[in-house]
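This report concerns only the one structure given below.
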Amino acid sequence: VRQQSARLLQLAEQHRLAGFRAHGLGFFGWSLCMQGHLDQGIAAIEQAVAAFDAVSFRLAEAGHLANLAQALLQAGRPAESRKAASRAMDLVPEGSQWLEPEVLRIAAVVEAAAQPSGDTAELLFRRALEAAQQLGFPVLERRCLLSLQDELARQQRPCDPALASRVAELAQYEGLDRAVIRALGGTTSPCAGDR
């Protein structure tokens, strides 16, 4: 991610493509966060979001905000994380519908950390799962299912057998799921329930 985002930044600057520069900056910041450089990564993602906001460019901005929310949570800044996650959810209809499952899943992770005894996180995980199913994204569906199972386990509640059965049905996507998890920064995330 870091190499490709740096390449995108270089091309965007060379050809004066501000929108692509903002995307490159957001992905570059995300890669820094995945490597444990949270302060630098958060700053880069915030710059990207500010660039999108300056021109009211909403295409995929929700994804960058969701990444920001996850990074802020990892950095121990839960209030800011919730604000970014909420804004990401609000922006999904404005050009980020294909990101809805992951935006909702990250919002659920943030909510679970903020309100461990509440049921809002579970509802968000279930909405994320439904969105992945409606969009026909089996890799993201599996990711949402696993996160929902983690949340139910964290609450010491039994997992619905139908959920476990669906995870088994999607076992063929396990390798792809791990690749998506790595690409989305899940392997470095200490967030409870974040797969």
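Just a few scattered comments:
- Entry remark, the stretch 39-90: residues being under 15 Å from GLY29 (Cα atoms) and among the hydroxyl-bearing types (Ser, Thr, Tyr) number 0 in total.
- Test: GLU80 is modelled with pLDDT of 95 or more, of a type in the set (D, E, K, R) and either buried (at least 23 other Cβ atoms within 10 Å of the Cβ) or outside any helix (DSSP H, G or I) (or both): no
- ALA85 vs. criteria under 14 Å from the mean Cα position of the chain (by Cα), farther than 16 Å from GLN149 by Cβ and buried (at least 18 other Cβ atoms within 10 Å of the Cβ): yes
- Residue identified as under 19 Å from GLY19 (Cα atoms), part of a helix (DSSP H, G or I) and free of Cβ contacts under 8 Å to residues at least 12 places away in the same chain among ALA88, ALA62, ALA50: ALA50
- Considering only residues in the stretch 18-47 that are in a loop (DSSP other than H, G, I, E, B) and touching a residue at least 60 places away in the same chain (Cβ under 8 Å), the one that is nearest to GLN3 (Cα to Cα) turns out to be GLN35.
- Selection within the stretch 118-140 - more than 14 Å from LEU99 (Cβ to Cβ) and surrounded by 24 or more Cβ atoms within 10 Å (Cβ to Cβ): ALA121, LEU124, PHE125, LEU129
- Residues satisfying the stated conditions in the stretch 7-17, i.e. part of a helix (DSSP H, G or I) and surrounded by fewer than 14 Cβ atoms within 10 Å (Cβ to Cβ): ARG7, GLN10, LEU11, GLU13, GLN14
- Those residues of the stretch 100-119 which are hydrophobic (A, V, I, L, M, F, W, C) and either over 14 Å from the mean Cα position of the chain (by Cα) or outside any helix (DSSP H, G or I) (or both), in sequence order: ALA112, ALA113, ALA114
- As a summary of the residue check, GLU122 satisfies the conditions (1) under 17 Å from the mean Cα position of the chain (by Cα); (2) within 30 Å of SER31 (Cβ to Cβ) except for the one numbered (2).
- Filtering the stretch 34-48 to residues that are open to solvent by less than 10 Å² (accessible area, probe 1.4 Å) and under 15 Å from the mean Cα position of the chain (by Cα) leaves GLY41, ILE42, ILE45.
The values are calculated or read from the model by the stated rules, or taken from the named source; none is laboratory data. The model shown is predicted, which means the values in this text are computed figures rather than measured ones. Note: ideal-geometry Cβ built from the backbone for every residue, glycine included; neighbour counts use all protein chains shown. Side chains included, ligands, DNA and RNA excluded: accessible areas come from the protein's heavy atoms. Shrake-Rupley method; radii C 1.70, N 1.55, O 1.52, S 1.80 Å.
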